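Student: Got a structure for you, questions after.
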Amino acid sequence: MDKLTIAGRVFGSRLLVGTGKFASPQVMAAALEASGAEIVTVALRRVDIDNPADDTLREIDRERFLLLPNTSGARSAEEAVRLSRLARAATGINWVKLEVTPDPYYLLPCPVETLKAAEILVKDGFVVLPYINADPILAKRLEDVGTATVMPLGSPIGSNQGLKTRAALEIIVEQSNVPVVVDAGLGLPSHAAEAMEIGADAVLINTAIATAGDPVEMATAFKLAVEAGRKAYQAGPRASVRQAEASSPLTGFLRES
Amino acid sequence: MKSLKVNGVEQQFAPDQMPGTLAVLLDVLGVGPATVVAEVDGRVVRRDEFDRTELKPGQQIELIKLMGGG
């Protein structure tokens with residue numbers, strides 16, 4: 001598969017994997033290995049003073065995986081900027097997945113606060129990967145501000161509904177000059193393949209892998225689906241048409257036409 | 001007694017037990033993860049600065065770590 005470049009850094013995998021919801025650190029590590037992912041997202045939370053030694057990320061080889069911290073939990077630009085600065089101090093790198101989700105029910109990202117935070121963070125030297133609704137105008141505005149990617153959603157986080165935003169995603173892919181990473185809502189490998197087939201540069205999967213009956217097998221399935229979808233996109237899929245077009249020649253000897 | 005507010009909870013220390021630095025506080029509390037970062041009265045402090053970050057009674061400290069997330 002061809003390489004993915006984000007902010008000048010080159011990756012061999014087009015599958016990003018989130019590290020939430022895994023049953024154990026060991027299962028997580030095995031699933032990450034099987035996925036082939038090189039970028040894994042993480043969150044920031046308060047240390048639990050009653051369980052201060054807890055470290056769910058202890059099995060992740062930080063030499064191998066780029067830890068991409070998110071700003072989940074932020075409901076305003078101000079909170080997202082604060083979390084980003086903490087994340088930079090914790091990871092030692094300046095990459096951040098910007099999420100501002102004021103709505104607790106659908107966890108949809110706020111375009112106004114996201115754009116505001118992106119402007120501040122880019123000026124502060126961050127490599128910003130913003131999570132957004134599939135809004136082509138917002139995607140261009142973020143690109144203009146200097147974000148490294150755009151990360152439009154397929155459907156609400158953790159919903160497994162697939163590419164409900166397909167028509168808008170196609171416009172984003174057509175217009176974007178930065179990598180388009182489809183994030184959120186992809187529940188099946190076929191959803192990931194579909195995103196890649198329409199030209200997404202990468203996808204991010206968490207819930208669908210972490211909560212599968214066998215997360216390691218599911219991680220493998222997503223890896224293959226992303227590769228298949230990318231190849232199909234590069235191979236140039238033909239448009240769908242309403243009427244049949246025979247694959248076999250119809251000129252024949254059974255009857256006179 | 002002297003106190004620090006750690007992650008929103010008041011922690012009391014006898015005057016001679018008051019942690020002198022952030023590094024000592026983490027040790028006293030048994031905080032494990034390598035990715036812990038702190039805010040002291042709103043100022044971000046990296047892990048490699050913990051042992052030279054002196055604490056004063058009454059300060060508000062947030063201890064934050066990386067954990068699983070999407």
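Student: Which one is modelled with the highest pLDDT among residues in the range B:25-58 that are under 15 Å from B:Ser3 (Cβ atoms) and buried (at least 16 other Cβ atoms within 10 Å of the Cβ)? Walk me through how you get there before you give the answer.
Tutor: Of the residues in the range B:25-58, the ones under 15 Å from B:Ser3 (Cβ atoms) are B:25, B:28-29, B:40-41, B:55-58.
The next check asks that each one be buried (at least 16 other Cβ atoms within 10 Å of the Cβ); those that pass are B:25, B:29, B:40, B:55.
Values: B:Leu25: 90, B:Leu29: 87, B:Val40: 94, B:Leu55: 91.
Step by step, filter the range B:25-58, then rank; the result is B:Val40.
Quick grid of which residues meet (1) away from chain B (no Cβ under 11 Å); (2) touching a helix residue (DSSP H, G or I) at 6+ places or on another chain (Cβ under 8 Å):
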site	(1), (2)
A:Ala29	yes, no
A:Ala34	yes, yes
A:Ala43	no, no
A:Ala53	no, no
A:Arg62	no, no
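Student: Kindly indicate whether A:Leu107 is in contact (Cβ under 8 Å) with a residue 12 or more places away in the chain, within 13 Å of chain B (Cβ to nearest Cβ) and in a loop (DSSP other than H, G, I, E, B). Even if it seems obvious, please write down each step before you answer.
Tutor: Numbers: in contact (Cβ under 8 Å) with a residue 12 or more places away in the chain: yes; within 13 Å of chain B (Cβ to nearest Cβ): yes; in a loop (DSSP other than H, G, I, E, B): yes.
Yes.
Student: Can you tell me how many residues in the range A:178-217 are closer than 17 Å to A:Tyr233 by Cα and of a type in the set (S, T, N, Q)?
Tutor: Within the range A:178-217, the subset closer than 17 Å to A:Tyr233 by Cα is A:179-182, A:189-203.
After this cut, where a residue has to be of a type in the set (S, T, N, Q) as well, the list is A:190.
Selection size over the range A:178-217: 1.
Student: Continuing with this model, one more query. Of the conditions (1) out of contact with any helix residue (DSSP H, G or I) (no Cβ under 9 Å at 6 or more places or on another chain); (2) buried (at least 20 other Cβ atoms within 10 Å of the Cβ), A:Ala134 clears all except one; give me its number.
Tutor: All conditions pass for A:Ala134, except number (1).
Student: Return the total of residues in the range A:138-167 being buried (at least 19 other Cβ atoms within 10 Å of the Cβ), more than 13 Å from the chain's Cα centre (by Cα) and polar (S, T, N, Q).
Tutor: Looking only at that region, the number is 2.
Student: Go through the range B:48-70 residue by residue and tally those that are in contact (Cβ under 8 Å) with a residue 40 or more places away in the chain and either at the interface with another protein chain (Cβ under 9 Å from one of its Cβ atoms) or not hydrophobic (A, V, I, L, M, F, W, C) (or both). Steps first, answer last, please.
Tutor: Keep residues of the range B:48-70 that are in contact (Cβ under 8 Å) with a residue 40 or more places away in the chain, which gives B:55, B:57-63.
Cutting the leftovers down to either at the interface with another protein chain (Cβ under 9 Å from one of its Cβ atoms) or not hydrophobic (A, V, I, L, M, F, W, C) (or both) gives us B:57-60, B:62-63.
Residues flagged as in contact (Cβ under 8 Å) with a residue 40 or more places away in the chain and either at the interface with another protein chain (Cβ under 9 Å from one of its Cβ atoms) or not hydrophobic (A, V, I, L, M, F, W, C) (or both) within the range B:48-70 amount to 6.
Student: What pairs can you find where one residue is in the range A:68-90 and facing chain B (nearest Cβ under 10 Å) and on the phi > 0 side of the Ramachandran plot, the other is assigned to a helix (DSSP H, G or I) and crowded, with 22+ Cβ neighbours inside 10 Å, and their Cβ atoms are less than 8 Å apart, with a gap of 6+ or different chains?
Tutor: That search, which allows pairs on different chains as well, returns A:Gly73/A:Leu83.
The values are calculated or read from the model by the stated rules, or taken from the named source; none is laboratory data. In this text, all values refer to a predicted model and were calculated from it rather than measured experimentally. Note: ideal-geometry Cβ built from the backbone for every residue, glycine included; neighbour counts use all protein chains shown.
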